[in-house]
1. Could you say which residue among B:R44, B:R36 is surrounded by 13 or more Cβ atoms within 10 Å (Cβ to Cβ), under 10 Å from the mean Cα position of the chain (by Cα), within 12 Å of another protein chain (Cβ to nearest Cβ) and of a type in the set (K, R)?
2. Return yes when A:E96 is within 13 Å of chain B (Cβ to nearest Cβ) and among the acidic types (D, E) and no when it is not.
3. How about the stretch A:31-73: which of its residues are away from chain B (no Cβ under 14 Å), in contact with a Lys or Arg (Cβ under 8 Å, 6 or more places away or on another chain) and either open to solvent by less than 40 Å² (accessible area, probe 1.4 Å) or more than 29 Å from B:Q6 (Cα to Cα) (or both)?
4. Where in the stretch A:1-54 are there strands (runs of 3 or more DSSP E), lying wholly inside it, with at least 1 residues that are among the charged types (D, E, K, R) and closer than 17 Å to A:A65 by Cβ?
5. For A:S9, state whether it is away from chain B (no Cβ under 14 Å) and among the hydroxyl-bearing types (S, T, Y).
6. Scan B:S69, B:S18, B:S84 and give me the residue that is more than 12 Å from chain A (Cβ to nearest Cβ), surrounded by fewer than 16 Cβ atoms within 10 Å (Cβ to Cβ) and closer than 29 Å to A:T106 by Cβ.
7. In the stretch B:30-74, which strands (runs of 3 or more DSSP E) lie fully inside it and hold 1 or more residues that are among the β-branched types (V, I, T)?
8. Scan the stretch A:66-90 for residues that are assigned to a loop (DSSP other than H, G, I, E, B) and of a type outside the set (V, I, T) and jot them down.
Amino acid sequence: AQSVTQLGSHVSVSEGALVLLRCNYSSSVPPYLFWYVQYPNQGLQLLLKYTTGATLVKGINGFEAEFKKSETSFHLTKPSAHMSDAAEYFCAVKREGGKLIFGQGTELSVKP
Amino acid sequence: NAGVTQTPKFQVLKTGQSMTLQCAQDMNHEYMSWYRQDPGMGLRLIHYSVGAGITDQGEVPNGYNVSRSTTEDFPLRLLSAAPSQTSVYFCASSPRPGNTEAFFGQGTRLTVV
């Protein structure tokens, strides 16, 4: 069965610093992987997705993620954090039949 | 563009009461699903549907029923609410089950007292 693990329930960075949010998946077949962002009291919004092809995926708001099959990882990065990036971030994998399975979430805080 | 619309946004129920959370999408998506979000647990799949007339259970289906009589609507029913069902509920839809993204509603915050 496919599952997703996000390392660190809370990450705090200073404005302008690198953002790194970790996600590892378990899958017996090449997965479809997603990162979603949730701002307070809102629904989830897609940041980026990996299906096939290029392993470095660029998303919205300057975020990108790299699919590393050998490490079963799909970590999310942004070179320079902005105050507006403060939110909760979810990694997800799509299972057979279209079921989207989420990690536990990582809350990102950005300090001025 | 309405997208995925959930109603109500907030609801307080007494233990044992029943209610229906509504979800409608106007994108002609085949696939719809319901999740609950609890602190530290991410989003967990309750029920999903791959098309009108077809539903199936997710990870945490107990205490919830669904039906899919039309492509647009996918209501979630709580037959006898329990405090453990206090949560934020999200409905999502996607064009098909494959590599397409899911579009989420704004959520329903449910409190059972």
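1. Numbers: B:R44 fails: under 10 Å from the mean Cα position of the chain (by Cα).
Result: B:R36 is the single residue among B:R44, B:R36 that is surrounded by 13 or more Cβ atoms within 10 Å (Cβ to Cβ), under 10 Å from the mean Cα position of the chain (by Cα), within 12 Å of another protein chain (Cβ to nearest Cβ) and of a type in the set (K, R).
2. Details: within 13 Å of chain B (Cβ to nearest Cβ): yes; among the acidic types (D, E): yes.
Here the answer is yes, as A:E96 does meet what is asked.
3. Correct list: A:T55, A:G62, A:F63, A:E64, A:S73.
4. Values: elements: A:3-7, A:10-14, A:19-26, A:32-38, A:44-50.
It comes to A:19-26, A:44-50.
5. Values: away from chain B (no Cβ under 14 Å): no; among the hydroxyl-bearing types (S, T, Y): yes.
The answer is no for A:S9.
6. Answer to the check: B:S84.
7. Numbers: elements: B:31-37, B:43-51, B:54-57, B:64-66.
The qualifying strands (runs of 3 or more DSSP E) are B:43-51, B:54-57, B:64-66.
8. First, the residues of the stretch A:66-90 that are assigned to a loop (DSSP other than H, G, I, E, B): A:72, A:79-82, A:86.
Correct list: A:P79, A:S80, A:A81, A:H82, A:A86.
The values are calculated or read from the model by the stated rules, or taken from the named source; none is laboratory data. Quick caveat: nothing in here was measured; it's all calculated off a predicted structure. A quick note on method: Cβ atoms are made from the backbone with ideal geometry, for glycine too, and the neighbour counts reach across all protein chains shown. Ligands, DNA and RNA are excluded from the accessible area calculation, which covers all protein heavy atoms including side chains. Shrake-Rupley method; radii C 1.70, N 1.55, O 1.52, S 1.80 Å.
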